[in-house]
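Okay, structure first, notes after.
Rule-based calculations on the coordinates, nothing more; no lab input. Computed from a prediction, not measured in an experiment: that's the story for all the values here. Here the Cβ positions follow ideal geometry from the backbone for every residue, glycine too, while neighbour counts run over all protein chains shown.
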Amino acid sequence: MNEISTMYPEDQLERYDLLKKQLSAILEGEHNVIANLANASALLNEAITDINWVGFYLINNGELLLGPFQGKVACVHIALGRGVCGTAALDNKTQLVMDVHEFPGHIACDSASNSEVVVPLRYNGKVVGVLDIDSPLLSRFNEIDAREFEEIAKIIEESCDWA
């Protein structure tokens, strides 16, 4: 566990409540997509335990293109419908994957990743990107994590000028 994560409450819901308040404060008054995604990925990386990658992919020319992130070097281009991120973007639905090795068409950008949650980011109901969080632990994420990441995505969606 990193040093900063120890300042967060042990209780999962309390941790997310604090994280959402911090994210809202960090993004307040800023509307630039890249700046906000960069700060959001840094904050999430510090606050969420047992993860090895957190970041964003944005829709660009009909595919997902790597955006701001924290972690190892990542895949740059992902086709819509391919892997966990591409599936979340194409289906416009959060993907909660307990074991990525069992996910059809999984893209292994980091072979250390074993579980993943991907949440679509929307503007006017249309997917503009995804929030992607990977963990080296199997079954690291649960339904509560997925729901809280969806709320985090909403904070990000509302803070950015996607037009």
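Only helical runs count toward this figure. For the chain, summing -39,500 (n - 2.57) over DSSP H runs of n ≥ 4 and dividing by all residues gives -11500 deg cm²/dmol at 222 nm. For L65, the shell of other residues with beta-carbons less than 14 Å away shows a net charge of -1, using +1 for Lys and Arg and -1 for Asp and Glu. Between N60 and D11, the FRET efficiency from the beta-carbon distance, with R0 = 22 Å, is close to 0.05. Of the chain, which part is the longest with no GluC sites (Glu not before Pro) in a loop (DSSP not H, G, I, E, B) and with at most 11 other C-beta atoms within 10 angstrom? Value returned for the longest uninterrupted segment is 29-163. A simple packing score, the average count of other Cβ atoms within 10 Å per residue, orders the peptides 83-89, 72-78 as 83-89, 72-78, with the highest score first.
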